[in-house]
1. Under the Karplus relation 6.51 cos²θ - 1.76 cosθ + 1.60, θ = phi - 60°, what is the ordered set of whole-Hz ³J(HN,Hα) values for segment 32-45, x standing for Gly and Pro?
2. Would you count, across the chain, every pair of lysines whose alpha carbons are under 30 angstrom apart, provided the pair is eight or more residues apart or spans two chains?
3. Tell me, how many Å apart are the Cα centres for segment 147-212 and for segment 35-102?
4. Over the chain, what percent of the accessible surface lies on carbon and sulfur atoms, probe 1.4 Å?
5. Give the percent of DSSP beta bridges with both residues in the chain that are antiparallel, rounded to the nearest 5.
6. Suppose the chain between SER176 and LEU72 were pulled fully straight at 0.36 nm per residue; how much longer would it get relative to their current alpha carbon spacing?
7. Want the number for ARG146 to LYS184: 0.36 nm per residue separation, take away the alpha-carbon distance, what's left?
8. Running a GNM on the chain with Cα contacts under 10 Å, which residue among ILE151, ILE56, ILE130 ends up with the highest mean-square fluctuation?
Amino acid sequence: NILEAGPLAEAVCDRVAPAPPHASRSHPEPARAYALRRLEVRWEAEDELTGVAGVIAELNAAPGTHPNPETLPVLAEKTLAFDLADDGKWFLHVRTVDGAGNASETVHFPVQADTRADPPVVAFTADPFIEWQDTGTVTFALKAPRDDSGIPAFWCLLDQRAETVVDRTNGVRHPSERLQCKPKGDGVWHLPVAAEDGAGNLSATVPMTMRL
């Protein structure tokens, strides 16, 4: 008997999807706070037997979240964008979904946003008139506000105009919580002070006035 060759059948078994490597354009360093509430992340995934359909993603403040492939839409775009609801620490959770419907393990991406800085507390350490008469200087104590990204410095400007607002274009950056200034003569002097936080935000100005 001669056996005739029959049709060939090929089966593909695919039960695992590759996890998505990713990089954030807007918040590249997870340990650093950024003055942005718009998060952009680009993901990639290795090719596999049934292809990669896309990813499912969930953004919240819970670090152990695993996106549910049965309830979330598959996103095919390589760049994902999300709006953070507020300042603070957030987590983007991402899973790859392959052509067979398998969801990968979850990749958790921590994100920190800090878009505002509160003003510092500024006070004279002594009577400014007496100190200036004795030493030619006036000393201020600067108390940093509470800020999630920290307060690395203050900005100040000694001026005789009451309406002056300090910023990076006209002020001097001062890293210490103790500040001495030297007015150039008698009269009314103004020292506006602002706090700078770790995300680069400047606070509103605190005006200080000296009558010498």
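The values are calculated or read from the model by the stated rules, or taken from the named source; none is laboratory data. A quick note: this is a predicted structure, and the numbers were derived from the prediction, not measured. Ligands, DNA and RNA are stripped out before the accessible areas are found, and what is left, the full protein with its side chains, is counted by its heavy atoms. Shrake-Rupley method; radii C 1.70, N 1.55, O 1.52, S 1.80 Å.
1. In residue order, the calculated couplings are 10, 8, 10, 7, 9, 10, 9, 9, 10, 10, 10, 10, 9, 8 Hz.
2. Count of close lysine pairs: 4.
3. About 43 Å separates the Cα centre of segment 147-212 from the one of segment 35-102.
4. Working: 6370 of 12260 Å².
Carbon and sulfur together cover 52 percent of it.
5. 95 percent
6. Length difference between fully extended and current span is 32.5 nm.
7. Values: separation 38, 0.36 × 38 = 13.68 nm, distance 3.39 nm.
Gain on extension, ARG146 to LYS184, equals 10.3 nm.
8. The residue with the greatest mean-square fluctuation here is ILE130.
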